Amino acid sequence: MRRAVVTGIGAISPNGIGREAFWEATRQGRSGVRRISLFDPSGLPVQIAGEVSGFEPLRYISEKDASNVSRVVPLAIAAAREAVADAGLDASSLSLQERRRVGVLLGSGGGGQEFVERQFSLYFSGQVRQCSIYTIPSATIGTLASELSMHFGFRGFSHLISTGCTSSTDAIGYAAQNIRCGMADIVLCGGADAPLAPLIVKAFSVLRIMTSSWNHEPERGSRPFSADRDGFVLSEGAWMFVLEEYEHARARGARLYGEIRGYGSTCEAFHRVRLGEDGEEPARAMTMACERAAIGPQQVDYVNLHGTSTVLNDRIETRALKITLGQRAYQVPSSALKSIIGHPQGASGAAGVAATLLAMRDGYLPPTLNLDVPDPECDLDYVPHASRPAAIEHAICNCIAFGSKNSALVVSRVA
């Protein structure tokens with residue numbers, strides 16, 4: 001069976017632009033949550049977000065394109081460029097036949113929703129002539145993958161997976177499957193989302209699943225597993241990977257960050273936004289990933305949790321981990337990256353995979369910030385407050401989405 005290994009990582013994150021800046025801030029527990037500056041949030045109940053501060057879209061797209069695409073496009077291109085360069089690939093030097101063996105599989109929950117909101121704002125304010133002629137293609141979520149394919153000239157499949165918060169986890173899982181079955185030698189994959197716009201923030205507020213308690217202290221707003229948590233912090237960003245067939249990577253002397261060893265996905269078919277209390281289907285997704293990776297609970301060294309900071313998710317995910325690992329759940333450290341960067345929607349799975357691979361490389365577990373008040377129903381080792389040295393051979397990266405979806409990956413050191 002062919003194997004899928006990671007040879008390049010790129011990150012454009014609220015807590016750091018660039019892979020190493022993202023990882024250093026994550027390891028040190030530096031929050032990327034701040035007051036929103038992309039627009040005036042004063043009239044909204046939630047005024048904080050994980051915003052990528054200092055990002056310059058015009059470094060990655062032309063001024064003309066900036067008015068015709070969503071902010072998510074330059075975010076994705078920036079992370080993809082870094083991943084491709086990190087993998088030691090020069091897209092321009094690849095032959096046509098080689099480019100036909102490179103696919104793109106991107107995960108995004110909202111795609112160009114921010115762009116759509118911009119177009120509606122122009123239309124309803126009487127500025128219809130200012131609306132983009134590319135409103136339809138740029139609003140079509142699958143076009144985001146095409147933007148990456150066109151940027152690099154990759155001629156393989158170009159697909160976008162949109163399954164809510166599990167989008168990029170599923171994209172990485174499908175990318176690995178395509179490599180294993182011989183559909184591609186290299187896949188550019190990962191996740192990108194840019195949901196920071198007034199109506200989107202307002203709509204999430206109406207659902208009452210975002211915290212409105214920390215506008216005065218943004219960095220303390222995302223509080224996974226703490227008893228005083230009251231909702232997530234919306235965020236944006238892009239985390240991209242070059243996934244490559246193992247022998248292909250070895251033949252060109254590529255660095256190997258890790259292997260995508262197992263993938264599992266389930267749907268409990270329960271509710272549009274709520275989770276079932278039993279935690280069985282999230283647990284089954286993690287168990288499937290472990291079975292496909294041919295590892296048992298005793299071999300799991302770390303779990304990167306979805307950890308949204310909502311009362312329901314954190315309690316049920318804790319229960320699911322106990323079902324998956326049994327009593328070993330109390331010995332295996334786990335942490336929630338969203339405590340540091342907020343919740344980047346469909347890109348959250350890719351963010352967790354990036355943090356896990358870099359933790360595996362450097363031997364440090366990312367911490368869970370703001371876990372200030374013990375919750376008796378969330379009683380595992382969440383690596384509170386500060387990073388911790390640890391060796392990782394096998395890790396689970398877990399995600400949970402609207403619509404009762406659950407997906408998990410097993411990421412392993414390359415043997």
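The values are calculated or read from the model by the stated rules, or taken from the named source; none is laboratory data. From a predicted model like this one, the values you see are computed outputs, not experimental measurements. Reconstructed Cβ throughout: ideal geometry from the backbone, glycine too, with neighbour counts over all protein chains shown.
Confirm whether G182 is in contact with a Phe, Trp or Tyr (Cβ under 6 Å, 6 or more places away or on another chain) and in contact (Cβ under 8 Å) with a residue 40 or more places away in the chain.
Numbers: in contact with a Phe, Trp or Tyr (Cβ under 6 Å, 6 or more places away or on another chain): no; in contact (Cβ under 8 Å) with a residue 40 or more places away in the chain: yes.
Taking the combined requirement at face value, the residue does not satisfy it.
Please work out if M288 is assigned by TED's automatic domain parsing to the domain that holds I48 and surrounded by 15 or more Cβ atoms within 10 Å (Cβ to Cβ).
Numbers: assigned by TED's automatic domain parsing to the domain that holds I48: no; surrounded by 15 or more Cβ atoms within 10 Å (Cβ to Cβ): yes.
The answer is no for M288.
Is there any pair linking a residue in the range 261-279 that is farther than 12 Å from N406 by Cα to one that is assigned to a strand (DSSP E or B) and of a type outside the set (A, V, I, L, M), with Cβ under 6 Å and at least six apart or on different chains, and which?
R261/S412
Tally the residues that are closer than 20 Å to S13 by Cβ, part of a helix (DSSP H, G or I) and either modelled with pLDDT under 95 or out of contact with any strand residue (DSSP E or B) (no Cβ under 9 Å at 6 or more places or on another chain) (or both), restricting the search to the range 152-200.
Number satisfying all stated conditions: 0.
Being assigned to a loop (DSSP other than H, G, I, E, B) and farther than 30 Å from V383 by Cα, is that true of even one residue in the range 12-30? Steps first, answer last, please.
The first filter runs over the range 12-30 and keeps only residues assigned to a loop (DSSP other than H, G, I, E, B), leaving 14-15, 18, 29-30.
From what's left, farther than 30 Å from V383 by Cα: none.
No, there is no match, as no residue in the range 12-30 is assigned to a loop (DSSP other than H, G, I, E, B) and farther than 30 Å from V383 by Cα.
With respect to E244, is the statement that it is in a strand (DSSP E or B), of a type in the set (D, E, K, R), modelled with pLDDT of 95 or more and not assigned by TED's automatic domain parsing to the domain that holds A336 true? Give the derivation first.
On the way: in a strand (DSSP E or B): yes; of a type in the set (D, E, K, R): yes; modelled with pLDDT of 95 or more: yes; not assigned by TED's automatic domain parsing to the domain that holds A336: yes.
So E244 fits the description; yes.
Filter the range 115-139 down to the residues that are of a type in the set (A, V, I, L, M), outside any loop (DSSP other than H, G, I, E, B), within 32 Å of the chain's Cα centre (by Cα) and over 11 Å from V69 (Cβ atoms) and list them by number. Explain how you work it out, then say what you get.
The first filter runs over the range 115-139 and keeps only residues of a type in the set (A, V, I, L, M), leaving 116, 122, 128, 133, 136, 139.
Subset that is outside any loop (DSSP other than H, G, I, E, B): 116, 122, 128, 136, 139.
Add one more test, that the residue is within 32 Å of the chain's Cα centre (by Cα), and what stays is 116, 122, 136, 139.
The answer is V116, L122, I136.
Filter the range 72-104 down to residues that are in a helix (DSSP H, G or I) and of a type in the set (K, R) and give me whichever is modelled with the highest pLDDT. So that I can check it myself, show each step before the final result.
Keep residues of the range 72-104 that are in a helix (DSSP H, G or I), which gives 72-86, 91-93, 96-99.
Keeping just the survivors that are of a type in the set (K, R) gives 81, 99.
On the way: R81: 98, R99: 95.
My answer is R81.
Just give me the residues in the range 369-415 being β-branched (V, I, T) and not in a loop (DSSP other than H, G, I, E, B), in sequence order. Let's see the steps before the verdict.
Keep residues of the range 369-415 that are β-branched (V, I, T), which gives 373, 383, 392, 396, 400, 410-411, 414.
The answer is I396, I400, V410, V411.
Could you please find all residues in the range 222-242 being farther than 24 Å from R71 by Cα and either more than 20 Å from the chain's Cα centre (by Cα) or of a type outside the set (K, R) (or both)? Can you show your working first?
So in the range 222-242, the residues farther than 24 Å from R71 by Cα come out as 223-231.
Result: P224, F225, S226, A227, D228, R229, D230, G231.
Condition first: within 11 Å of the chain's Cα centre (by Cα), assigned to a helix (DSSP H, G or I) and hydrophobic (A, V, I, L, M, F, W, C). Now tell me which residues in the range 321-354 satisfy that.
Pass one, the range 321-354, residues within 11 Å of the chain's Cα centre (by Cα): 337-338, 341-354.
From what is left, the residues that are assigned to a helix (DSSP H, G or I) are 338, 341, 345-354.
Matches in the range 321-354: I341, A347, A350, A351, V353, A354.
Given A285, A354, A329, A347, which one is out of contact with any Pro (no Cβ under 6 Å at 6 or more places or on another chain) and within 20 Å of M210 (Cβ to Cβ)? First the steps, then the outcome.
Numbers: A285 fails: within 20 Å of M210 (Cβ to Cβ); A354 fails: within 20 Å of M210 (Cβ to Cβ); A329 fails: within 20 Å of M210 (Cβ to Cβ).
Residue meeting the stated conditions: A347.
For the range 48-87: of the residues being free of Cβ contacts under 8 Å to residues at least 40 places away in the same chain and hydroxyl-bearing (S, T, Y), which is surrounded by the fewest Cβ atoms within 10 Å (Cβ to Cβ)? Explain how you work it out, then say what you get.
Taking the range 48-87 as the starting set, the residues that turn out to be free of Cβ contacts under 8 Å to residues at least 40 places away in the same chain are 53-54, 56-66, 74.
Adding the requirement that they be hydroxyl-bearing (S, T, Y) leaves 53, 60, 62.
Details: S53: 13, Y60: 20, S62: 10.
Within the range 48-87, the match that is surrounded by the fewest Cβ atoms within 10 Å (Cβ to Cβ) is S62.
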